[in-house]
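Heads up, the thing below is written out as C-alpha coordinates.
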Amino acid sequence: MQTMERLTEIFRNVFDDAGLRIGEATTARDVEGWDSMAHLNLVFAIEEEFGFTFSTRELGSLESVGDLLAVIRRRSGAA
(Lines give C-alpha, C1' and ligand atoms only; values in the text may rest on other atoms or scores of the structure.)
Protein backbone atom coordinates (compact mmCIF):
# COMPACT_ATOMS: atom_id res chain seq x y z
CA MET A 1 0.00 0.00 0.00
CA GLN A 2 1.31 3.45 -0.93
CA THR A 3 2.14 6.03 1.74
CA MET A 4 -0.79 8.29 0.79
CA GLU A 5 -3.22 5.37 0.92
CA ARG A 6 -1.99 4.41 4.38
CA LEU A 7 -2.24 8.01 5.54
CA THR A 8 -5.77 8.31 4.15
CA GLU A 9 -6.81 5.23 6.13
CA ILE A 10 -5.36 6.76 9.29
CA PHE A 11 -7.30 9.98 8.70
CA ARG A 12 -10.50 8.02 8.08
CA ASN A 13 -10.03 6.10 11.34
CA VAL A 14 -9.08 9.12 13.46
CA PHE A 15 -11.94 11.26 12.12
CA ASP A 16 -14.38 8.33 11.90
CA ASP A 17 -15.25 9.17 8.29
CA ALA A 18 -14.97 6.30 5.79
CA GLY A 19 -15.44 8.66 2.87
CA LEU A 20 -12.89 11.28 3.90
CA ARG A 21 -10.65 12.35 1.04
CA ILE A 22 -7.39 14.13 1.63
CA GLY A 23 -4.73 15.60 -0.62
CA GLU A 24 -1.33 17.13 -0.10
CA ALA A 25 -2.86 20.61 0.27
CA THR A 26 -5.36 19.48 2.94
CA THR A 27 -5.07 21.35 6.24
CA ALA A 28 -6.91 21.27 9.55
CA ARG A 29 -9.31 23.91 8.19
CA ASP A 30 -10.43 21.44 5.53
CA VAL A 31 -11.33 18.55 7.84
CA GLU A 32 -14.27 18.78 10.21
CA GLY A 33 -13.20 17.95 13.75
CA TRP A 34 -9.46 18.45 13.20
CA ASP A 35 -8.78 20.22 16.48
CA SER A 36 -5.80 19.96 18.83
CA MET A 37 -6.99 16.68 20.38
CA ALA A 38 -7.65 15.11 16.98
CA HIS A 39 -4.21 16.32 15.88
CA LEU A 40 -2.59 14.45 18.79
CA ASN A 41 -4.56 11.31 17.95
CA LEU A 42 -3.52 11.67 14.31
CA VAL A 43 0.17 12.06 15.23
CA PHE A 44 0.07 9.03 17.53
CA ALA A 45 -1.68 6.92 14.88
CA ILE A 46 0.86 7.93 12.23
CA GLU A 47 3.76 7.15 14.55
CA GLU A 48 2.32 3.73 15.29
CA GLU A 49 1.60 2.92 11.63
CA PHE A 50 4.96 4.04 10.30
CA GLY A 51 7.14 3.02 13.27
CA PHE A 52 8.81 6.28 14.24
CA THR A 53 8.33 9.22 16.59
CA PHE A 54 8.07 12.76 15.28
CA SER A 55 10.67 15.18 16.62
CA THR A 56 9.55 18.43 18.21
CA ARG A 57 10.92 20.29 15.20
CA GLU A 58 8.95 18.09 12.79
CA LEU A 59 5.76 18.57 14.78
CA GLY A 60 6.21 22.33 14.59
CA SER A 61 6.54 22.20 10.81
CA LEU A 62 3.33 20.28 10.12
CA GLU A 63 0.77 22.52 8.43
CA SER A 64 -0.69 20.25 5.76
CA VAL A 65 -1.02 16.65 4.66
CA GLY A 66 1.85 17.34 2.26
CA ASP A 67 4.06 18.25 5.24
CA LEU A 68 3.07 14.99 6.93
CA LEU A 69 3.87 13.03 3.79
CA ALA A 70 7.28 14.67 3.46
CA VAL A 71 8.25 13.71 7.02
CA ILE A 72 6.87 10.18 6.67
CA ARG A 73 8.70 9.62 3.41
CA ARG A 74 11.95 11.04 4.74
CA ARG A 75 11.74 8.99 7.94
CA SER A 76 10.67 5.73 6.31
CA GLY A 77 12.77 6.04 3.18
CA ALA A 78 9.59 5.65 1.09
CA ALA A 79 9.19 7.30 -2.29
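Quick look at the values:
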| item | result |
| --- | --- |
| Area of GLU63 that stays accessible when all protein chains are in place (1.4 Å probe, Å², to 10) | 140 Å² |
| Förster radius 22 Å - calculated FRET efficiency between LEU59 and ALA18 (Cβ-Cβ, nearest 0.05) | 0.20 |
| Cleavage-rule hits (trypsin sites (Lys or Arg not before Pro)) in region 20-62: DSSP loop, at most 16 neighbouring Cβ within 10 angstrom | ARG21 |
| THR3 accessible area, 1.4 Å probe, all protein chains in place, Å² to nearest 10 | 10 Å² |
| Per-residue [θ]222 nm for the chain (sum of -39500 (n - 2.57) over DSSP H runs n ≥ 4, rounded to 500) | -17000 deg cm²/dmol |
| Gaussian network model of the chain, springs between alpha carbon atoms under 10 Å - residue of LEU69, LEU42, LEU20 with greatest fluctuation | LEU20 |
| Relative contact order of the chain, pairs being alpha-carbon contacts under 8 Å that are 6 or more residues apart, as % | 38 percent |
| ARG29 versus ASP67: modelled label distance in nm, points set 7 Å from Cα along the beta carbon direction | 1.3 nm |
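The values are calculated or read from the model by the stated rules, or taken from the named source; none is laboratory data. Note that this is a predicted model, so its numbers are computed, not measured. Heads up, the Cβs are rebuilt from the backbone with ideal geometry, glycines too, and the neighbour counts pull from every protein chain shown. Please note that ligands, DNA and RNA were not included when accessible areas were found on the heavy atoms of the full protein model with its side chains. Shrake-Rupley method; radii C 1.70, N 1.55, O 1.52, S 1.80 Å.
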